[in-house]
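The values are calculated or read from the model by the stated rules, or taken from the named source; none is laboratory data. Fair warning: this is a prediction, and the values are worked out from it, not measured in the lab. Glycine gets a Cβ as well: all are built from the backbone with ideal geometry, and neighbour counts include every protein chain shown.
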Amino acid sequence: MDVANNVKQIEEEIVRVCEKVQRNRNEITVIGVTKYVTIERTEQLLATGYKDVGENRAEEMLHKYGAIGERAKWHFIGTLQSRKVKDIVDKVTAIHSLDRLSVAKQINSRSNNPIDCFVQVNVSGEESKHGLEPEDVIPFIESLQQFEKVHVVGLMTMAPHIQDKEEIRQVFRRLRQLRDEVSEKKYINAPCTQLSMGMSNDFQIAIEEGATHIRLGTSLVGS
């Protein structure tokens, strides 16, 4: 697995898509999803200059954090259990999967500093996916205003794993529209300017639709 070569190819593709839709490459953060790979493979990713690393299980994140520490920026991208919040909350750059008040309450009480959070939205309505229904997002963010350490920087979603690019595009577009609705409300703890969407199979469409954070696993570090 040549991680450096993968990074080169991904970078070329990101630049190509940005030029196509007249976006600045610097608006996009690439998160290397290392949940299925070793510490060694994660180190190879960091050596390329990519510093943002995504994990979806607290135990695995802590295992890698023990070896790598603050040389990486850690993003928690999986479903977070309330009881695990205390273990990771002061080690992460952002939590991409906030969809329950119980977790927000733990973040607020356990963290030393405000934590950047993305509210997870199940735009596609798939049974297998976590996240809020789109119509529940604004009421949820309003209920988060009581937690001053929960800083809602944006929304996150996963598109269905299908061939139909137009359907994938509609999912990302709906998230962007929802993000705009939230940011227009000017909530104190929820600027909500960012979009965490797009994975190895659909990140190009996500960038075209406004993604600020893309989460790449297999195409970047393998499986």
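Would you confirm, using the coordinates I've provided, whether Phe118 is farther than 15 Å from Val53 by Cβ, touching a His at 6+ places or on another chain (Cβ under 8 Å) and buried (at least 22 other Cβ atoms within 10 Å of the Cβ)?
Considered against the rule, which asks whether it is farther than 15 Å from Val53 by Cβ, touching a His at 6+ places or on another chain (Cβ under 8 Å) and buried (at least 22 other Cβ atoms within 10 Å of the Cβ), Phe118 comes out as yes.
Working only within region 121-135, note down all residues that are of a type outside the set (Val, Ile, Thr), surrounded by 15 or more Cβ atoms within 10 Å (Cβ to Cβ) and at pLDDT 95 or above.
Within region 121-135, Asn122, Gly131, Leu132, Pro134 meet the criteria.
Just to verify a result, which residue in region 82-115, among those that are polar (S, T, N, Q) and more than 17 Å from Gln145 (Cα to Cα), is surrounded by the most Cβ atoms within 10 Å (Cβ to Cβ)?
If we take residues in region 82-115 being polar (S, T, N, Q) and more than 17 Å from Gln145 (Cα to Cα), then Ser97 is surrounded by the most Cβ atoms within 10 Å (Cβ to Cβ).
Residue by residue through region 35-55, note down the ones that are under 18 Å from Met156 (Cβ atoms) and either modelled with pLDDT under 95 or β-branched (Val, Ile, Thr) (or both).
Within region 35-55, Lys35, Val53 meet the criteria.
I need the full set of residues from region 1-56 which are of a type in the set (S, T, N, Q) and either assigned to a helix (DSSP H, G or I) or more than 30 Å from Val85 (Cβ to Cβ) (or both), in order please.
Result: Asn5, Asn6, Gln9, Gln22, Asn24, Asn26, Thr42, Gln44, Thr48.
Taking the condition of being surrounded by fewer than 17 Cβ atoms within 10 Å (Cβ to Cβ) and among the hydrophobic types (A, V, I, L, M, F, W, C), how many residues in region 1-29 meet it?
Going through region 1-29 one residue at a time, the tally reaches 4.
Taking Arg100 as the residue in question, decide whether it is of a type in the set (Lys, Arg), in contact with a strand residue (DSSP E or B) (Cβ under 6 Å, 6 or more places away or on another chain) and touching a residue at least 12 places away in the same chain (Cβ under 8 Å).
Judged against the criteria, Arg100 is not a match.
May I ask you to list pairs of residues, at least six apart or on different chains, whose Cβ atoms are under 6 Å apart, with the first in region 14-25 being more than 13 Å from Glu209 (Cβ to Cβ) and the second being surrounded by 12 or more Cβ atoms within 10 Å (Cβ to Cβ) and at pLDDT below 95?
Here the result reads none, with nothing in region 14-25 linked to a residue that is surrounded by 12 or more Cβ atoms within 10 Å (Cβ to Cβ) and at pLDDT below 95.
Checking Thr79 against (1) β-branched (Val, Ile, Thr); (2) surrounded by 18 or more Cβ atoms within 10 Å (Cβ to Cβ); (3) not in a helix (DSSP H, G or I), which single condition isn't satisfied?
Among (1) β-branched (Val, Ile, Thr); (2) surrounded by 18 or more Cβ atoms within 10 Å (Cβ to Cβ); (3) not in a helix (DSSP H, G or I), Thr79 violates only (2).
I'd like the full set of residues that are closer than 17 Å to Leu195 by Cα, more than 14 Å from the chain's Cα centre (by Cα) and hydroxyl-bearing (Ser, Thr, Tyr), limited to region 97-133.
Residue satisfying the conditions is Ser124 alone.
Please specify each residue of region 130-143 satisfying the condition of being of a type outside the set (Gly, Ala, Ser), in contact (Cβ under 8 Å) with a residue 24 or more places away in the chain and within 19 Å of Ser102 (Cβ to Cβ).
Matches in region 130-143: His130, Leu132, Val137, Phe140, Ile141, Glu142.
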